[in-house]
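For reference, the structure discussed in these notes is given below.
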Amino acid sequence: MPRSHLAKVLVTGASGTLGYNVVRHLGRVHPRIQILVLMRTLDESLFGDLANVMLLQVDMADFAATSKAVLDFQPNAIVHCAASGVRPSSIGWFEQIHINVAATVALFQASCQIPTCHFIHVSTGLVYGQQDRPAREGDPIDTLHPYGASKAAADCLLRAGAERLKRHLTVVRPFSFTGLHDGGDRLFPSLLRAAAEGRPFLMSPGTQIRDFCAVQDIAEAICSLLEDGTLPGRDVFNLGSGQSISLRGIVGNVCRQLGLNVELQLGALPFHPHEPMNLVADIHLARSLGWRPRTNLAYAVWQLAQSQYPQLPVIRPEQYL
């Protein structure tokens, strides 16, 4: 039998990169846990091989339906990965606030009707403003980046609510990541698409300093926090590689390890509005729990290439750091 605090887990955002990997990791490692995945559009192909995963069609913007799903299932824990608008132009600002802030608070409110429900909120490293060193959990969260600001607002509200109501809340702030199920116009899916189509890859100058991690490592960290039922009630953890490397260096290193035949056109695109030039995680708190990133980023991109562009000639790199 699963431990009582892991008997039933509800996950949102499983159609996204991180939520998908959280469900797959949790479902494989804990086959006796009941996992309920809330999805706006059902996709039975995602988790059809995991017998302990159930899908329920619920739009997070429908607060009543979301609350009913939570109260009917009575989860011991909720892992809230759902979010919208990481690219500022991809969604209207008010819609972004409705999903990333109001819907998040509504989900937390529903969880508060279950006495021992552990709420894990997936925030983002973009909540931090511009800094010249790795961001620490106690640093101010102050940004004009639309996505980062919406996540910062939810982050603050949940922590204040958990303190006031004495709820078990964990906030995780992942920095940049990629791997299986990454997609859209994100960095590495776009790089692989350009290589597969035989065209140059247009990108910013690449001088911004970034912290990139394999998504499976981020998912494992979240599942570890979920598994440990003895943590203090309200915690915040940065999740990333902890390494400060220029974006052009990160992309170039991945291309070299994969033997990826693609021309990088640095400076062909501008920087994204309000993106910080230095976005790196201080991960000493997460490491103190025994977690550390262990997967080679190039291997995560290789996995992505195998799943999305199996005909693309790439070299399999070392899996672990």
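The values are calculated or read from the model by the stated rules, or taken from the named source; none is laboratory data. In this text, all values refer to a predicted model and were calculated from it rather than measured experimentally. Positions of Cβ are generated from backbone atoms using ideal geometry, with glycine treated the same way; all protein chains shown enter the neighbour counts. Remember, those area values only see protein heavy atoms, side chains included, never the ligands or the DNA or RNA. Shrake-Rupley method; radii C 1.70, N 1.55, O 1.52, S 1.80 Å.
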Handout entry: Identity of the residue in segment 119-151, without any contact (Cβ under 8 Å) to a residue 24 or more places away in the chain and buried (at least 20 other Cβ atoms within 10 Å of the Cβ), that ends up nearest to the chain's Cα centre (by Cα)
Key = A149
Handout entry: Residue tally, condition crowded, with 20+ Cβ neighbours inside 10 Å and touching a Lys or Arg at 6+ places or on another chain (Cβ under 7 Å), over segment 203-217
Key = 1
Handout entry: Evaluation of A268 against (1) among the aliphatic types (A, V, I, L, M); (2) under 16 Å from A194 (Cα atoms); (3) part of a helix (DSSP H, G or I) (one fails), failing number
Key = (3)
Completion exercise
Within segment 62-76, the residues that are within 19 Å of I120 (Cα to Cα) and part of a loop (DSSP other than H, G, I, E, B) are Q74, P75, N76
Fill in the blank from the handout: Note on V79: of the conditions (1) among the aliphatic types (A, V, I, L, M); (2) in a helix (DSSP H, G or I); (3) crowded, with 21+ Cβ neighbours inside 10 Å, unmet is (2)
Practice task
Answer yes or no: is there a residue in segment 289-301 that is surrounded by 17 or more Cβ atoms within 10 Å (Cβ to Cβ), modelled with pLDDT of 95 or more, of a type outside the set (F, W, Y) and assigned to a loop (DSSP other than H, G, I, E, B).
Solution key: yes
Exercise for the section: Pick out the one residue from P293, P310, P270 that is farther than 22 Å from M203 by Cβ, of a type outside the set (G, A, S) and over 19 Å from the mean Cα position of the chain (by Cα). Expected result: P310
Exercise for the section: Being open to solvent by 10 Å² or more (accessible area, probe 1.4 Å), under 22 Å from the mean Cα position of the chain (by Cα) and over 30 Å from V314 (Cβ atoms) is the filter here, so list the residues in segment 161-202 that pass it. Expected result: H168
Handout entry: Criterion: within 30 Å of L260 (Cα to Cα), in contact (Cβ under 8 Å) with a residue 12 or more places away in the chain and of a type in the set (A, V, I, L, M, F, W, C) - qualifying residue of L158, L169, L180
Key = L180
Practice task
Only residues that are open to solvent by 20 Å² or more (accessible area, probe 1.4 Å) and not in a loop (DSSP other than H, G, I, E, B): list them for segment 22-52, please.
Solution key: R24, H25, R28, V29, Q34
Practice task
Kindly check whether there is at least one residue in segment 97-118 that is under 18 Å from F237 (Cα atoms) and either surrounded by 24 or more Cβ atoms within 10 Å (Cβ to Cβ) or in contact with a strand residue (DSSP E or B) (Cβ under 7 Å, 6 or more places away or on another chain) (or both).
Solution key: yes
Problem - Residue check for R248: open to solvent by 70 Å² or more (accessible area, probe 1.4 Å), of a type in the set (K, R) and at pLDDT below 95 - result: no
Handout entry: The listed residue being surrounded by 14 or more Cβ atoms within 10 Å (Cβ to Cβ), hydrophobic (A, V, I, L, M, F, W, C) and in a helix (DSSP H, G or I), out of L285, L260, L312
Key = L285
Exercise for the section: Check segment 267-278 and report whether any residue there is in contact with a helix residue (DSSP H, G or I) (Cβ under 9 Å, 6 or more places away or on another chain) and modelled with pLDDT of 95 or more. Expected result: no
Fill in the blank from the handout: Contact list, first residue from segment 276-290 and within 17 Å of I141 (Cβ to Cβ), second anywhere and surrounded by 24 or more Cβ atoms within 10 Å (Cβ to Cβ) and acidic (D, E), beta-carbon distance below 7 Å, six or more apart or interchain, is L279/D211; V280/D211; A281/D211
